[in-house]
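The values are calculated or read from the model by the stated rules, or taken from the named source; none is laboratory data. Only a predicted model underlies this, so the values are computations on that prediction, with no experimental measurement involved. Here Cβ is always computed from backbone atoms with ideal geometry, including for glycine, and neighbour counts include all displayed protein chains. What goes into the accessible areas is simple: the full protein's heavy atoms, side chains included, and nothing from ligands, DNA or RNA. Shrake-Rupley method; radii C 1.70, N 1.55, O 1.52, S 1.80 Å.
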Amino acid sequence: MNANHLPQFNMLNLAHRIQPMPTQLEKAKIHQHTVRLRLSKVFDVARVVQIGSHARETAIRDFSDLDLLGVLKRDEARWGGGLVSSATVLARFIDELIGRFPNTAIGRDGMAVAVWFSATQQSLDVVPAIFHRFDRHRPVYLIPNGKGDWMETSPEVHDLYFKQADARSQGKLRKVSQLLKWWKFCRASPIPISSFHLDMLLAASGICVGVKSYSQCLYLAFKLLHERGCRGLHDPCGVAGTIYAASTESKWGQLVSAVAYSLDHAQAALAAEAVGDKFEANRQWNIVFNGGF
């Protein structure tokens, strides 16, 4: 795009543009209902819970996966006095969902089973879980850790923590999270950062609280990531242990480089905004968002 014809969008305009479309949300409900029915017919399911970005209302148009927690009754995963391997439970989920959706791409994606609905270009990740205990009157579950064992999580605890932080920011936190997810996805190869890590880090930091523009909050988010070296975050809710920003050492290296690059241009954008140079500010933000501003 010619620099002289760069559109003059502000950050709030972008936040509106990346909201999930109503048709996408409606189709997501249909897919979730279908998967719920299949799991309930085959497994002894206690409940099915929506989790992830859609549950925290930080999903963005076209890119955010749908996430479900399929909570099994403990007998479904019991073996003798303990639990079967989480890999075994994941394999059973895959087999049963393939039986229900024979023409749909289905496979394992770390701790989840990914179901790709090509007709609507949506991916639904189903995470098997087992109730483990209560924490502050909210359930804690065991989910696959990606290595055959189980680890603790509590989506309701994390979602409440995020929503309370969002309320303190007067709704700014949720939109800043969405803008960072757009930053993650608006390029050929997405920046390898966990959306869950982003949400929890932003909520714990408090950087969206107070009289600040969205541009200032984004700059502070990049600065925070850079100063922390994109290290894992100790779960502020005290449930999930360490919440890692990237899943491998290689991806962590890519993330660190992307954050440093974006921080430089975000700082230049703020400097331009401070002197009223809207064109230069827009140009710098467009670099941060890889032409997606």
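Values as computed for the structure displayed
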item	result
Folded to 0 to 90 degrees: helix 214-228 orientation relative to the chain principal axis, Cα	70
Helix axis angle, 22-42 relative to the chain longest principal axis, alpha carbon, degrees	20
Dipole magnitude of the chain, debye to nearest 20 (Cβ charges: Lys/Arg +1, Asp/Glu -1, about Cα centre)	400
Karplus (6.51, -1.76, 1.60) ³J(HN,Hα), θ = phi - 60°, over segment 142-158, in Hz, Gly and Pro reported as x	9, 10, x, 9, x, 10, x, 9, 10, 9, 8, 7, 8, x, 5, 5, 5
Cβ-Cβ FRET estimate between Ser257 and His234, R0 fixed at 22 Å, reported to 0.05	0.35
Segment 1-148: C-alpha gyration tensor shape, a/c 1.5 cut-off, then a/b vs b/c	prolate
Among Val84, Val48, Val211: highest mean-square fluctuation, GNM of the chain, C-alpha pairs under 10 Å	Val211
Neighbour net charge for Asp166 - beta-carbon separation under 10 angstrom, K R +1, D E -1	+4
Of Lys27/Lys251; Lys41/Lys175; Lys73/Lys181; Lys27/Lys172; Lys147/Lys223; Lys29/Lys223, those spanning more than 29 Å from alpha-carbon to alpha-carbon	Lys27/Lys251; Lys41/Lys175; Lys73/Lys181; Lys147/Lys223; Lys29/Lys223
C-alpha center-to-center spacing [segment 38-78, segment 189-218] in angstrom	25
Accessible solvent surface per residue of the chain, calculated while the other protein chains remain in place, 1.4 angstrom probe, Å²	48
Global form of segment 181-233, assessed from the alpha-carbon gyration tensor, a/c cut-off 1.5	oblate
Of all accessible heavy-atom area on the chain, the percent that carbon and sulfur account for (1.4 Å)	53
Dipole magnitude of segment 1-124 about its Cα centre (Cβ charges: Lys, Arg +1; Asp, Glu -1), debye to nearest 20	240
Cα gyration tensor shape of segment 75-216, rounded if a/c is under 1.5, else prolate or oblate by comparing a/b with b/c	oblate
Protection proxy ranking of 281-287, 251-257, 196-202, 261-267 - average other beta-carbon atoms within 10 Å, highest first	196-202, 281-287, 261-267, 251-257
Inter-label distance, nm, simple model (7 Å from Cα along the C-beta direction), Thr242/Lys278	4.6
Most positive-pole-ward Cα, Phe289, Val211, Leu180, against dipole of the chain from beta carbon charges	Val211
Degrees, to the nearest 10: 195-205 long Cα axis against longest axis of the chain	60
About the Cα centre, charge dipole magnitude for segment 199-293 (Lys/Arg +1, Asp/Glu -1 at Cβ), debye	20
Helical mean residue ellipticity (222 nm; -39500 (n - 2.57) per DSSP H run of 4+; nearest 500) of the chain	-15000 deg cm²/dmol
